[in-house]
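Worksheet: the structure to be examined is printed underneath.
None of the figures in this text is laboratory data; all of them are computed from the coordinates on show. None of the values given here were measured: they were computed from a predicted structure. Please note: Cβ atoms are built from the backbone with ideal geometry, for glycine as well, and neighbour counts cover all protein chains shown.
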Amino acid sequence: MSIPTRGLIFKDSVDKVRDTVARPSLDTFYEVEFSFGKYQTWLGREPGLRRTQGSKFQQKMSLLCTQAELPGTSFIESSVTGNHQGITELFPNLRNFPPLNLSFYVDADHVILEVLETWMTYINPIANDRGANNAYAVFNYPEDYKERVYVTKFERDTFIKESRAASYQSNMSSYEFINVWPINLTSMRVAYGDSNVLRCNIQLAYDRFQTSFNYPDVQRRAISTADGVVTSKDIRYDVEKLTNSQRDNRAGTIVNDNKGGESYIFDSTTQTAIDELGQK
């Protein structure tokens with residue numbers, strides 16, 4: 001491609017670019033989903049519904065996650081010098097995934113603090129006799145505490161059928177973080193004086209992330225369970241083969257969606273797996 005000429009410079013009217021420049025993405029429309037399928041191992045007993053206001057603690061964490069990040073990535077490069085040509089070139093060597101930083105409002109029931117602190121403590125528990133000065137610590141197996149986290153980005157008009165600004169809806173983009181575990185839970189300052197909402201910040205390490213761009217609704221996604229990793233559509237196909245009595249025996253709660261279909265929320269391992277059967 002040649003150097004741009006005067007004829008290639010955009011010179012059309014504002015009407016032709018209005019729909020493009022008037023639809024920026026806003027950073028306040030997002031959701032973080034915590035697919036904790038192994039929490040019975042590292043958390044133990046789930047916080048009671050009274051402390052979580054009638055919902056699962058994962059949902060409470062999603063609602064109180066006041067700040068998240070869409071991940072970046074970088075390459076660690078290696079240089080190769082051609083002594084004959086006198087040219088140094090750079091080539092990618094390793095791909096680097098920076099930590100995922102999340103911020104939470106701390107609830108008055110301290111569920112957020114309990115979950116995050118217990119998660120970190122399980123990774124490297126410290127054992128000692130009460131009152132003793134000596135202690136020792138061991139590390140647990142990674143497969144017992146590594147989880148999955150999803151960050152979904154949507155827009156103001158994603159859930160509105162007809163937008164005043166455009167004749168179409170904005171779709172969603174999702175980031176799936178694989179093998180997530182906490183590496184840094186920052187301290188929280190408390191002090192007399194003006195009252196402020198207490199926040200906690202945590203850094204999460206992960207092996208890699210996968211992205212799904214511009215999809216309209218629920219896709220096939222991995223769901224962590226105590227027995228391993230399955231996908232949402234695998235669960236859906238299993239549900240379709242069950243009779244009503246079998247569904248009840250699998251501790252499923254049936255709720256109606258707004259499209260006349262049914263959603264089955266399974267709680268066999270207290271890991272919520274929602275799949276809308278009406279969207280086939």
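Ranked by how many other Cβ atoms sit within 10 Å of their own Cβ, fewest first, the residues Glu46, Glu89 fall in the order Glu89, Glu46. With a Förster radius of 30 Å, plug the Cβ-Cβ distance of Asp109 and Asp19 into 1/(1 + (r/R0)^6) and report the FRET value to the nearest 0.05. Working from the Cβ atoms, E equals 0.05. Shown for Arg6, Arg199: other C-beta atoms within 10 Å of each C-beta, ranked fewest to most, produce the order Arg6, Arg199.
By the count of other C-beta atoms within 10 Å, a proxy for reagent exposure, Arg23, Arg18, Arg45, Arg148 are ordered fewest to most as Arg45, Arg18, Arg23, Arg148.
The stretch 116-157: which chymotrypsin sites (Phe, Trp or Tyr not before Pro) are DSSP loop and have at most 12 other beta-carbon atoms within 10 angstrom? Walk me through the numbers on the way to the answer.
Working: sites: Trp119, Tyr122, Tyr136, Phe139, Tyr145, Tyr150, Phe154; in loops: Phe139, Tyr145, Phe154.
Listed in order of number, the matching sites are Phe139.
The ratio of the alpha-carbon radius of gyration of the stretch 17-137 to the globular-protein estimate 2.2 N^0.38 Å is 1.70. Projecting the Cα atoms of Phe34, Leu8, Gln53 onto the dipole axis of the stretch 1-65, where Lys and Arg carry +1 and Asp and Glu carry -1 at the beta carbon, places Gln53 farthest toward the positive end.
Magnitude of the Cβ-charge dipole of the stretch 24-87, K/R +1 and D/E -1, about the Cα centre, nearest 20 debye? Provide the component values of the computation, followed by the final result.
Values: 6 positive and 6 negative charges, 122 e Å.
Value, rounded to 20: 580 debye.
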